[in-house]
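**Q** Structure incoming, see below.
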Amino acid sequence: MVKYKEKFEEQKVFIDGEWTTSSKGDTYSIINPSTGKSFVKCQKCDVEDTKRAIDVARDAFDNGPWPEMSIEERTKIFYKVTDMIAEKAWEISKLDAMCNGVPVLEHASMTMMLPAHMRYVCAQAKKLVEPKKVSGEFPLDQKVWREPDGVVAIITPWNAPFGECMMKLPPALIDGNTVVFKPASQTPLTTLDLGKMFEKAGIPKGALNIITGPGPVVGVEMAKNTKVDHISFTGEGITGKEIVQNALGNLKKVTLELGGKSPNIIFDDFSVDEAATAAMIGGYFLNGEICIDGSRIFVQDTIHEKFSKKFVELSKSLKIGNALSLKTNIGPLVTETQMEKNLKYIEYGKDAGATLLCGGYRPREGELKDGFFVAPTVFDNVSNDMRIAREEIFGPVLCVIPFSTEKEVIEMANDTTYGLAGAVWTHDKERAVRVARKIKAGTVFINTYHMLTADMPFGGYKQSGWGREMSEQGVEEFTQVKSITADWSGLTKWLMNVIISH
Ligand code: NAP
């Protein structure tokens, strides 16, 4: 495994079991968003490098040992990697924090759950190995088998780099697929590290290939290349749509985890303090750079005024700082571009007439000087048709929208092109479940937020995506279903005789 100091040396890519440079020797730098300074170089692969990695994965699937290995053999390799992840959890969290600016403790809260996730994935994959027998209503021997898709291309975003990688890579690999993986350009370090762990654990050459480089070059080729059987993508909706178009050539399977603009609904049986805490939990995790962010906070009008006062007080108390500091609650946004995007949406909010209660600026004092920070920002009296309520901002910019009735809030919650997640906060259990069932989204929380565990399916309705990750569905997602029907009874022969004799 790589030593910590080597993280800051030029990173290579992993193709056919070798750590190598891009064919043209091109590299790019990663900038730490907390300091604005570059700290490591990565390989800038091009179309030729991408084709090579795909060819290797194709050959490893068609002729290599990985798909033929028993689930027990594959699990043995996975368990070695699981131990390495457990041992390195803190280091992984620090590296991701350096690349994307999310506070290190928040990364750690996710990384620490991943060894259990790996074990869960292995257990689910084992269940898929044996064929399923069907009803037995017919005098035939009929079984349904699960088989790997083949070559899987994986593309991930920057907001939770190791977590996103773990939602896709373990299920794809354990099912017997071979993989070409492209992490987001800004955050590839921990995915490359995972490659080192699999290498050390003894994964056969070519089963896992990790390349880095620009999405519009490397990612486009992965989507277009007809030797790829399945592309699994997490990122923005607009990129997802382009992937679908590029994947048409061989009609490869496409799995999409896209954006969201999730409703976080708070009823007035919650105290003002509870309500403000609910909004904080839903809105500021990962600096608000999370697809399920509770960015539309619907508050019942009877507590609205007091709620807003408390919510602003709590938002102002958040400590803004370097993502590596244990005291930091809000780190910098991932890049200067992402910071500028947030500041632009703040202007849209002001222009549209929403009330800016706090934040709305780039803090630059002291150690924040060169980082890409945006102060926690709360807009009040937002209307659901404003741009800030309809489009994904992906940062600590939150909208408070008052409502009066359950019917009204359900209508507003669903009045969005997205359908990824949502939450309901109330002590009334019947109402909670009733509202949760009415929200058109793949994941709904009641009196909690961001609690995603390995055994619950995750994915979106509407324009938030296709398919599911995590859970048994997430492991099945990387397999094909094959029906094998055998006639040992002579039925077919008897039928033929009947037909011929007429
Ligand atoms: P993005 O711009 O779509 O990029 C995601 C990945 O796609 C990156 O690896 C990127 O490479 C690559 N890419 C860019 N253009 C491409 C193209 N034309 N063809 C193929 N790949 C291409 O998204 P992002 O800004 O990194 O991430 C934020 C978005 O991800 C938000 O919309 C968020 O909601 C969504 N997200 C969804 C989930 C979920 O599970 N539903 C989870 C996390 C994030 P480069 O880095 O080289 O540009």
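**Q** Just name the residue that is surrounded by the most Cβ atoms within 10 Å (Cβ to Cβ) out of those in the range 152-182 that are more than 12 Å from the ligand (Cβ to nearest atom) and of a type in the set (Gly, Ala, Ser).
**A** Ala172
**Q** Another one. Among the residues of the range 309-353, how many are farther than 16 Å from Ala279 by Cβ and open to solvent by 30 Å² or more (accessible area, probe 1.4 Å)?
**A** Counting residues in the range 309-353 that are farther than 16 Å from Ala279 by Cβ and open to solvent by 30 Å² or more (accessible area, probe 1.4 Å) gives 20.
**Q** Next question, about the same structure. Which of the numbered conditions does Thr426 fail, given that it passes all the others? Conditions: (1) without any contact (Cβ under 8 Å) to a residue 60 or more places away in the chain; (2) in contact with a Phe, Trp or Tyr (Cβ under 9 Å, 6 or more places away or on another chain); (3) of a type outside the set (A, V, I, L, M).
**A** The one condition Thr426 does not meet is (1).
**Q** Right, next: Which condition breaks for Phe478 when tested against (1) farther than 22 Å from His117 by Cα; (2) modelled with pLDDT of 95 or more?
**A** Unmet for Phe478, out of (1) farther than 22 Å from His117 by Cα; (2) modelled with pLDDT of 95 or more: (1).
**Q** Give all pairs with beta carbons closer than 8 Å in which a residue from the range 109-130 that is closer than 14 Å to Met84 by Cα meets a residue that is open to solvent by 30 Å² or more (accessible area, probe 1.4 Å) and of a type outside the set (D, E, K, R); count only pairs at least 6 apart in sequence or on separate chains.
**A** Taking only residues 6 or more apart or on different chains, the pairs are Thr111/Trp90; Met113/Thr453; Pro115/Ala86; Met118/Tyr79; Arg119/Tyr79.
Here's the yes/no breakdown for (1) modelled with pLDDT of 95 or more; (2) open to solvent by less than 10 Å² (accessible area, probe 1.4 Å); (3) under 25 Å from Asp268 (Cβ atoms):
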position	(1), (2), (3)
Thr355	yes, no, yes
Glu367	yes, no, no
Gly371	yes, yes, no
Ser404	yes, no, yes
Gly422	yes, yes, yes
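**Q** Here are some residues: Thr485, Thr453. Which one is in contact with a Lys or Arg (Cβ under 9 Å, 6 or more places away or on another chain) and either within 13 Å of the ligand (Cβ to nearest atom) or in contact (Cβ under 8 Å) with a residue 24 or more places away in the chain (or both)?
**A** When all the criteria are applied, what remains is Thr485.
**Q** I would also like to ask the following. Can you run down the residue pairs with Cβ atoms below 9 Å, 6 or more apart or on separate chains, where the first is in the range 458-472 and in contact (Cβ under 8 Å) with a residue 24 or more places away in the chain and away from the ligand (no atom under 11 Å from the Cβ) and the partner is part of a loop (DSSP other than H, G, I, E, B) and among the aromatic types (Phe, Trp, Tyr)?
**A** Tyr461/Tyr418; Lys462/Tyr418
**Q** Inside the range 214-308, counting only helices (runs of 4 or more DSSP H) that do not spill past its ends, which hold 3 or more residues that are surrounded by fewer than 19 Cβ atoms within 10 Å (Cβ to Cβ)?
**A** 237-246, 272-284
**Q** Still on this structure, please answer the following. I want to confirm something. Restricting to the range 115-135 and keeping residues that are of a type outside the set (A, V, I, L, M) and open to solvent by 60 Å² or more (accessible area, probe 1.4 Å), which single residue is farthest from Gln186 (Cα to Cα)?
**A** Checked the range 115-135; the qualifying residue farthest from Gln186 (Cα to Cα) is Ser135.
**Q** Ok, one more. Tell me, yes or no, whether the range 144-151 has at least one residue that is within 14 Å of the ligand (Cβ to nearest atom), modelled with pLDDT of 95 or more and surrounded by 24 or more Cβ atoms within 10 Å (Cβ to Cβ).
**A** There is no residue in the range 144-151 that is within 14 Å of the ligand (Cβ to nearest atom), modelled with pLDDT of 95 or more and surrounded by 24 or more Cβ atoms within 10 Å (Cβ to Cβ).
Table: residues versus (1) under 30 Å from Glu365 (Cβ atoms); (2) within 16 Å of the ligand (Cβ to nearest atom); (3) among the hydrophobic types (A, V, I, L, M, F, W, C); (4) modelled with pLDDT under 95.
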position: Gln245; (1), (2), (3), (4): no, yes, no, no
position: Lys253; (1), (2), (3), (4): no, yes, no, no
position: Asp273; (1), (2), (3), (4): yes, no, no, no
position: Ala279; (1), (2), (3), (4): yes, no, yes, no
position: Asn287; (1), (2), (3), (4): yes, yes, no, no
position: Leu324; (1), (2), (3), (4): yes, no, yes, no
position: Gly349; (1), (2), (3), (4): yes, no, no, no
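The values are calculated or read from the model by the stated rules, or taken from the named source; none is laboratory data. Note that this is a predicted model, so its numbers are computed, not measured. Quick reminder, even Gly has a Cβ in these numbers, built from the backbone with ideal geometry, and neighbours come from all protein chains shown. Surface areas here come from the heavy atoms of the whole protein model, side chains and all, with no ligands, DNA or RNA. Shrake-Rupley method; radii C 1.70, N 1.55, O 1.52, S 1.80 Å.
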